[in-house]
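The values are calculated or read from the model by the stated rules, or taken from the named source; none is laboratory data. No experiment lies behind these values; they were computed from the predicted model shown. Here the Cβ positions follow ideal geometry from the backbone for every residue, glycine too, while neighbour counts run over all protein chains shown. Note: accessible area is taken over every heavy atom of the protein model, side chains too, but ligands, DNA and RNA are not part of it. Shrake-Rupley method; radii C 1.70, N 1.55, O 1.52, S 1.80 Å.
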Amino acid sequence: MGHIVAVVGAYGHTGRFVVTEVRERGFDALPVGRDPRRLAASGLAYRVASADDPASLDAALAGVDAVINCAGPFASTAAGVIEAALRAGIPYVDVAAEIEANLDTFTHFTERARAAGVAVVPAMAFFGGLGDLLATTAMGDWTSADEAHVAYGLSSWHPTAGTVAAGAVSHERRAGRRVRYTGGRLEYHSGARDLPRMDWDFPAPLGRRTVLGGFTMADVVTIPRHLAIPEVRTYMSVDAATDLAAAAAPVAVDEAGRSAQTFTVDVIVRRGDTRRRVVASGHDIYAVSAPLAVEAVRRILDGRTRTSGVASAGEMFDAPDFLRALSPAVAVELLRD
């Protein structure tokens, strides 16, 4: 009998990609969620549970080998599902892009997960996980660096309902303030209303694009969690940020449900006058979160981890090897700068 992987939030946009990926990897997918009608649409055996109902989660995770949480906003769901995973003694992975929710996971569960011998990997997705893997790979044999820059060249960004809801929760938690990682710590500030614009030279074929500086993503949590880099900055292509504000939902263009969106993630780490650069490219930021999350589960179940307890992607796994395993969903190139 194969491993059973529970997918919480299985009928959400990203959750559906994850269920498919779980099955394609040879695991048994167990959809979990609050709505039995929507769960039944998968045609798979399922279990009904809610993140705020511990008893239902315990029943849902009984006999399960790992859980992937795709149910946002993660500020509302992560703690409950992690608690259930710890009680069940099974690994937990989520696809959270929310800065504060990921901070909560590291703050509240690091010692408990280590003591329980349970692997917990938050932000194992396009935002947070991929950037961390790329930055870790770029670092190579460096033990520290002065700066890390993560530039997102998205052709468009039509957000899911979950992304919109998560953004609203994060905005409320920050009281409208902006967040940045500087001087070795997160800072919240009431800065200028408009983010600064600048040109970023992405590798061909994308080329030069206008990006927003200070467009802070979950990489400011995952990267400095284990890499000695006091300045971590992220940037977003202006076109994608404009789409995000418009909040039009993604439109599928293939049978797998993927959109036409393309992405380039350009990561540069600098130490003194030396820069190292790694670039990843692919299609659909939501779809690509599925192989990231499922590959993480596969490696945890296989024992291919580098630490225990709560850890970000680059800390938990062999980053270059993990990135190679994402092909062909993600193409990665180490560039000479």
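Some points to look at:
- Segment 248-300, subset closer than 24 Å to P230 by Cα and in a loop (DSSP other than H, G, I, E, B), residue most open to solvent (accessible area, probe 1.4 Å): D273
- Every condition in (1) open to solvent by less than 10 Å² (accessible area, probe 1.4 Å); (2) in a loop (DSSP other than H, G, I, E, B); (3) not hydrophobic (A, V, I, L, M, F, W, C) is met by G129 except one, and the failing one is (2).
- G72 passes every criterion in (1) in a helix (DSSP H, G or I); (2) modelled with pLDDT under 95 apart from (1).
- The residues on offer are R47, R112, and the sole one that is touching a strand residue (DSSP E or B) at 6+ places or on another chain (Cβ under 6 Å), basic (K, R) and surrounded by fewer than 24 Cβ atoms within 10 Å (Cβ to Cβ) is R47.
- Residue within segment 148-167 that is in contact with a helix residue (DSSP H, G or I) (Cβ under 7 Å, 6 or more places away or on another chain), of a type in the set (A, V, I, L, M, F, W, C) and open to solvent by 20 Å² or more (accessible area, probe 1.4 Å) present: no
- Test: residue in segment 182-200 that is at pLDDT 95 or above, over 30 Å from T110 (Cβ atoms) and within 22 Å of the chain's Cα centre (by Cα): no
- All of (1) on the phi < 0 side of the Ramachandran plot; (2) open to solvent by less than 50 Å² (accessible area, probe 1.4 Å) hold for T305 with one exception: (2).
- Qualifying positions in segment 50-80 - surrounded by fewer than 24 Cβ atoms within 10 Å (Cβ to Cβ), under 28 Å from L103 (Cβ atoms) and either of a type in the set (V, I, T) or touching a residue at least 40 places away in the same chain (Cβ under 8 Å) (or both): V64, D65, P73, A75, S76, T77
- In this structure, M198 does not qualify as under 21 Å from H13 (Cβ atoms) and outside any helix (DSSP H, G or I).
- Residue selected from segment 321-337 under the condition part of a helix (DSSP H, G or I) and of a type outside the set (A, V, I, L, M, F, W, C), by the criterion least open to solvent (accessible area, probe 1.4 Å): D321
- Identity of the residue in segment 141-164, farther than 16 Å from Q261 by Cα and not aliphatic (A, V, I, L, M), that ends up nearest to the chain's Cα centre (by Cα): G162
- All conditions in (1) in contact (Cβ under 8 Å) with a residue 40 or more places away in the chain; (2) of a type outside the set (G, A, S); (3) surrounded by 15 or more Cβ atoms within 10 Å (Cβ to Cβ) hold for D318, with the sole exception of (1).
Results for (1) within 16 Å of H149 (Cβ to Cβ); (2) open to solvent by 40 Å² or more (accessible area, probe 1.4 Å); (3) without any contact (Cβ under 8 Å) to a residue 24 or more places away in the chain, shown as yes or no for each residue.
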{"site": "R193", "(1), (2), (3)": "no, yes, yes"}
{"site": "R197", "(1), (2), (3)": "yes, yes, no"}
{"site": "R208", "(1), (2), (3)": "yes, yes, yes"}
{"site": "V211", "(1), (2), (3)": "yes, no, no"}
{"site": "T216", "(1), (2), (3)": "yes, no, no"}
{"site": "M236", "(1), (2), (3)": "yes, no, no"}
{"site": "A245", "(1), (2), (3)": "no, yes, yes"}
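- For first residues located in segment 18-33 and in contact (Cβ under 8 Å) with a residue 12 or more places away in the chain and within 16 Å of L292 (Cα to Cα), partners that are crowded, with 24+ Cβ neighbours inside 10 Å and not hydrophobic (A, V, I, L, M, F, W, C) and lie 6+ apart or on another chain with Cβ distances below 8 Å form the pairs V18/S289; V19/P31.
- Filter result for R180 (without any contact (Cβ under 8 Å) to a residue 60 or more places away in the chain, in contact with a Gly (Cβ under 8 Å, 6 or more places away or on another chain), closer than 20 Å to A123 by Cα and part of a strand (DSSP E or B)): yes
- Boolean, V310 is over 30 Å from A113 (Cα atoms) and in contact (Cβ under 8 Å) with a residue 60 or more places away in the chain: no
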